[in-house]
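Reading through the structure tokens given below for one structure.
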């Protein structure tokens, strides 16, 4: 309940409470997310920042994470549209980013990945991470 109130206050309800994607799209997105696991995790920082709480968050704003100056200056609030643009070509979307991944060129794969990330914000792992804040 506390986590739901935090999400309400932040304006970032989990997908189940807003616009849930079809389960098969989310499952496909989870498989695509496996590519991201070399550098990212949902609930903790690795080489890249955590993805719990991603939607509605300003780019370059996870406390304690060492972002590139380019990402710190980026004027981006993460949502489906901004993620789609960034994931298509990270170095074009944010010149100077240190994200060394070429991107997800297939639009259907990006859509599935974004659906998975949106749903993951309501996962038990992300709920536990939000409650620790």
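For the stretch 92-115, how many residues are surrounded by 15 or more Cβ atoms within 10 Å (Cβ to Cβ) and under 14 Å from residue 59 (Cα atoms)? Matching residues across the stretch 92-115 total 5.
Can you name the residue in the stretch 16-43 that is surrounded by 15 or more Cβ atoms within 10 Å (Cβ to Cβ) and more than 15 Å from residue 108 (Cβ to Cβ) and, of all such residues, is modelled with the lowest pLDDT? Per the stated criteria, the residue is 20. Do we find that residue 86 is modelled with pLDDT of 95 or more and closer than 23 Å to residue 131 by Cβ in this structure? In short, no. Going through (1) within 24 Å of residue 23 (Cα to Cα); (2) modelled with pLDDT under 95 one by one, residue 102 falls short only on (1). Within the stretch 44-81, being outside any loop (DSSP other than H, G, I, E, B), under 18 Å from residue 109 (Cβ atoms) and either in contact (Cβ under 8 Å) with a residue 12 or more places away in the chain or in contact with a helix residue (DSSP H, G or I) (Cβ under 7 Å, 6 or more places away or on another chain) (or both) holds for one residue alone: 80.
On the basis of being at pLDDT below 50, in a helix (DSSP H, G or I), in contact with a helix residue (DSSP H, G or I) (Cβ under 7 Å, 6 or more places away or on another chain) and closer than 13 Å to residue 56 by Cβ, does residue 13 make the cut? No, not satisfied.
The values are calculated or read from the model by the stated rules, or taken from the named source; none is laboratory data. Small disclaimer: the values here were computed from a predicted structure and weren't measured. So basically every Cβ, Gly included, is an ideal-geometry build from the backbone, and we count neighbours across all protein chains shown.
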